[in-house]
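The block underneath contains the structure these notes are about, expressed in structure tokens.
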């Protein structure tokens, strides 16, 4: 960030020196990719330079706020538990009761209740999706491994067994509805560098609002084959204005419950 601010000050200083004093044409151009500032009114040129420099800072901030950063830095897009991981994770997710689902508006919003390996080269996640379409909530399971993906419908009360693994040669995700016996998997073969370093168990959403849903239980939660313990896991809370958000309950023997608060 210090480097970004230094560049901002450098561009701002150059623009100021080139446009103050005697109103003459700006002879030196500031090139940023395909964008260049040239001739024009001195005051207009100075304002444009400030806008471009500010855009550099905003763009850099956007890059910093990646999904992995949301999970580990508490930037309100993830609610659940995260922990260090090297290769694999698994959990059983109990689908909330159908009667607990509702949408506050006709807006298309969604929340994913997933198990996800993050910071790796490819997508590696699977879980339950609660989505509002024209004011009606729907439930389905989805998974993604590299460029491959799948989805299938589920019902309230079903138990979904999720496993995700990633190595230097392949990424595999599997979802098994142990209640209806429907299952699917995706196996993406390809070199993966870097490997994932963080696993997320919980709710993630980039929607401004999220659907209403009842308690969701995560059980048999493991990271690299070991039952997840509160001593190595970090709890996060997904924050929204309506409803206020989603937070995890205590993590006990590899189980916890996500609830809207």
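Considering every residue within the range 215-231, establish whether at least one is exposed (fewer than 14 other Cβ atoms within 10 Å of the Cβ), in the same structural domain as residue 79 (by TED's automatic domain parsing) and more than 20 Å from residue 91 (Cα to Cα).
No - not one qualifying residue is present in the range 215-231.
Every residue in the range 65-97 that is within 10 Å of residue 199 (Cβ to Cβ), modelled with pLDDT under 95 and either buried (at least 20 other Cβ atoms within 10 Å of the Cβ) or within 12 Å of the chain's Cα centre (by Cα) (or both), please.
Hit for the range 65-97 is 71, nothing else.
What number of residues within the range 98-120 satisfy the criterion of being modelled with pLDDT under 95 and assigned to a loop (DSSP other than H, G, I, E, B)?
9
Exactly one of (1) surrounded by fewer than 18 Cβ atoms within 10 Å (Cβ to Cβ); (2) in contact with a strand residue (DSSP E or B) (Cβ under 6 Å, 6 or more places away or on another chain); (3) assigned to a loop (DSSP other than H, G, I, E, B) is unmet by residue 157. Its number?
(2)
Taking the options 101, 148, 113, name whichever one is touching a residue at least 12 places away in the same chain (Cβ under 8 Å), farther than 15 Å from residue 216 by Cα, out of contact with any helix residue (DSSP H, G or I) (no Cβ under 8 Å at 6 or more places or on another chain) and surrounded by 16 or more Cβ atoms within 10 Å (Cβ to Cβ).
Only one candidate passes the filter, namely 148.
Here is a yes/no grid of residues against (1) out of contact with any helix residue (DSSP H, G or I) (no Cβ under 9 Å at 6 or more places or on another chain); (2) closer than 24 Å to residue 157 by Cβ; (3) modelled with pLDDT under 95; (4) not in a loop (DSSP other than H, G, I, E, B):
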residue	(1), (2), (3), (4)
202	no, yes, no, yes
219	yes, yes, no, yes
222	yes, yes, no, yes
231	yes, no, no, no
235	yes, no, no, yes
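Does the range 125-136 include one or more residues that are surrounded by 14 or more Cβ atoms within 10 Å (Cβ to Cβ), in contact with a strand residue (DSSP E or B) (Cβ under 8 Å, 6 or more places away or on another chain), in the same structural domain as residue 105 (by TED's automatic domain parsing) and not in a strand (DSSP E or B)?
No; the residues of the range 125-136 include none that is surrounded by 14 or more Cβ atoms within 10 Å (Cβ to Cβ), in contact with a strand residue (DSSP E or B) (Cβ under 8 Å, 6 or more places away or on another chain), in the same structural domain as residue 105 (by TED's automatic domain parsing) and not in a strand (DSSP E or B).
Criterion first (within 16 Å of residue 113 (Cα to Cα), assigned to a strand (DSSP E or B) and in contact with a strand residue (DSSP E or B) (Cβ under 7 Å, 6 or more places away or on another chain)) does residue 188 satisfy it?
no
Just checking, how many residues over the range 238-255 are in contact with a strand residue (DSSP E or B) (Cβ under 8 Å, 6 or more places away or on another chain), at pLDDT 95 or above and more than 12 Å from residue 203 (Cβ to Cβ)?
Counting residues in the range 238-255 that are in contact with a strand residue (DSSP E or B) (Cβ under 8 Å, 6 or more places away or on another chain), at pLDDT 95 or above and more than 12 Å from residue 203 (Cβ to Cβ) gives 6.
The values are calculated or read from the model by the stated rules, or taken from the named source; none is laboratory data. Computed from a predicted structure; not experimentally measured. Virtual Cβ from ideal backbone geometry, glycine too; neighbours counted across all protein chains shown.
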